[in-house]
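Peer 1: Below: one structure in structure tokens.
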Amino acid sequence: MKPLVLLHGGAGSWRGKVDWDAIDRAILGCARHGFRELASSALTAVETAVSCMEDSGVFNAGVGAHPNAIGEVELDAGIMDGRGPRAGAVACVKNVPSPVRVARIVMEETPHVLLVCSYAERLAREHGLWRSLRSGEHGLGRGNSRSEGLDTVGAVAVDGTGSVAAATSTGGLPGKMPCRVGDSPIPGAGYYADDRLGAVSATGIGEKIMIKLASYEVARRLSDLKPSEAAQIVAELMEDEFGSGNTGLIAVSMRGAGVGLNAKVMPIAAVHADGEFSRLVEEGDVEIVNGRLDLY
Ligand code: ASP
């Protein structure tokens, strides 16, 4: 099994409205960071890659996040370790530049899976991961320079021991109600990992992804199908159920890695032992992308 890390930067319909070069640099750079950590574990690789995207300010996650309906930034993130499996998540946190790091702490240092609001922020503070973000540091303040529609981030990875992991992080839907929580911190919805199956990260409209438990729906098919097939089947199920979907799914298993998409575009990047690439996946060319991803 060759180690691999695969990232997404959210699915949407915003082609032409964004600075693809900036996204490309950020997502590929973060995939490389993640890949370097694969020697430690798939878990550390996805945490590193997602934290890097949160820090980049380029995506709707971490310091780049969209504000809610009252102009506040509330962040959700989850991480899952295929060994165990076990998961940790935080939801609706403020002033936490890298919520995926706090999600890992929830997983490893508390008896819980999901921690929200002030006690999640307190945990972040205790670990030096809380920072009163100055006005303008969050996506709200960067809004003028940021392009419309930049999106949720996620990563899946497999390491040299065959272990898998997944992580997803978001500022949620732009203009969401205060205290709304989407799929991204919910195991089985926004992400899933189990060494017996594989790992998945999802993006799209959380209210739809949660109803279908889209990441688990992909994962449970990974024992029989290639990741590209499992992810595309679930992307199509989402479309059949809800009409236009904006759902993007990335998946990795012992059979390879792949993408499922029922949105117009989704930036992805992959780094593995034999090479690396990043690109803007389009609905119509998912198979070609899957072919490239299936190489390893
Ligand atoms: N799934 C995220 C949410 O609903 C948003 C996204 O993936 O763009 O919070």
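Peer 1: Please go through region 235-277 and give me each residue that is open to solvent by less than 30 Å² (accessible area, probe 1.4 Å) and of a type in the set (S, T, N, Q), ordered by number.
Peer 2: 247, 253, 262
Peer 1: (1) outside any loop (DSSP other than H, G, I, E, B); (2) free of Cβ contacts under 8 Å to residues at least 60 places away in the same chain; (3) more than 16 Å from the ligand (Cβ to nearest atom); (4) not charged (D, E, K, R): which one isn't true of residue 260, the others all being true?
Peer 2: So the condition that residue 260 fails would be (3).
Peer 1: Looking at 163, 215, 201, can you tell me which residue is open to solvent by less than 50 Å² (accessible area, probe 1.4 Å), among the small types (Gly, Ala, Ser), touching a His at 6+ places or on another chain (Cβ under 8 Å) and more than 8 Å from the ligand (Cβ to nearest atom)?
Peer 2: Of the residues listed, the single one that is open to solvent by less than 50 Å² (accessible area, probe 1.4 Å), among the small types (Gly, Ala, Ser), touching a His at 6+ places or on another chain (Cβ under 8 Å) and more than 8 Å from the ligand (Cβ to nearest atom) is 201.
Peer 1: Condition first: surrounded by fewer than 24 Cβ atoms within 10 Å (Cβ to Cβ) and under 19 Å from residue 176 (Cβ atoms). Can you find one or more residues in region 103-113 that meet it?
Peer 2: Looking through region 103-113, none of the residues is surrounded by fewer than 24 Cβ atoms within 10 Å (Cβ to Cβ) and under 19 Å from residue 176 (Cβ atoms).
Peer 1: Considering region 263-276 alone, what residues qualify as being farther than 20 Å from residue 159 by Cβ and at pLDDT 90 or above?
Peer 2: Answer for region 263-276, where residues must be farther than 20 Å from residue 159 by Cβ and at pLDDT 90 or above: 266, 267.
Peer 1: Hey, another quick one. Please determine whether any residue of region 52-70 is modelled with pLDDT under 95, of a type in the set (S, T, N, Q) and surrounded by fewer than 24 Cβ atoms within 10 Å (Cβ to Cβ).
Peer 2: Yes, there is a match, as at least one residue in region 52-70 is modelled with pLDDT under 95, of a type in the set (S, T, N, Q) and surrounded by fewer than 24 Cβ atoms within 10 Å (Cβ to Cβ).
Peer 1: Looking at 240, 285, 194, can you tell me which residue is acidic (Asp, Glu) and modelled with pLDDT of 95 or more?
Peer 2: After ruling out the rest, the residue left standing is 194.
Peer 1: Just the residues that are among the hydroxyl-bearing types (Ser, Thr, Tyr) and within 17 Å of residue 283 (Cβ to Cβ), please, taken from region 199-258.
Peer 2: Going through region 199-258, the residues among the hydroxyl-bearing types (Ser, Thr, Tyr) turn out to be 201, 203, 215-216, 223, 228, 244, 247, 253.
Answer for region 199-258, where residues must be among the hydroxyl-bearing types (Ser, Thr, Tyr) and within 17 Å of residue 283 (Cβ to Cβ): 203, 228, 244, 247.
Peer 1: Also, I was wondering about something else. Please verify whether residue 76 is acidic (Asp, Glu) and more than 18 Å from residue 173 (Cβ to Cβ), treating the condition exactly as stated.
Peer 2: Considered against the rule, which asks whether it is acidic (Asp, Glu) and more than 18 Å from residue 173 (Cβ to Cβ), residue 76 comes out as no.
The values are calculated or read from the model by the stated rules, or taken from the named source; none is laboratory data. Worth saying up front: this structure is predicted, and the values here are computed from it rather than measured. Positions of Cβ are backbone-derived with ideal geometry, glycine not excepted, and every protein chain shown enters the neighbour counts. We work out accessible area using only protein heavy atoms, side chains counted, and drop any ligands, DNA or RNA first. Shrake-Rupley method; radii C 1.70, N 1.55, O 1.52, S 1.80 Å.
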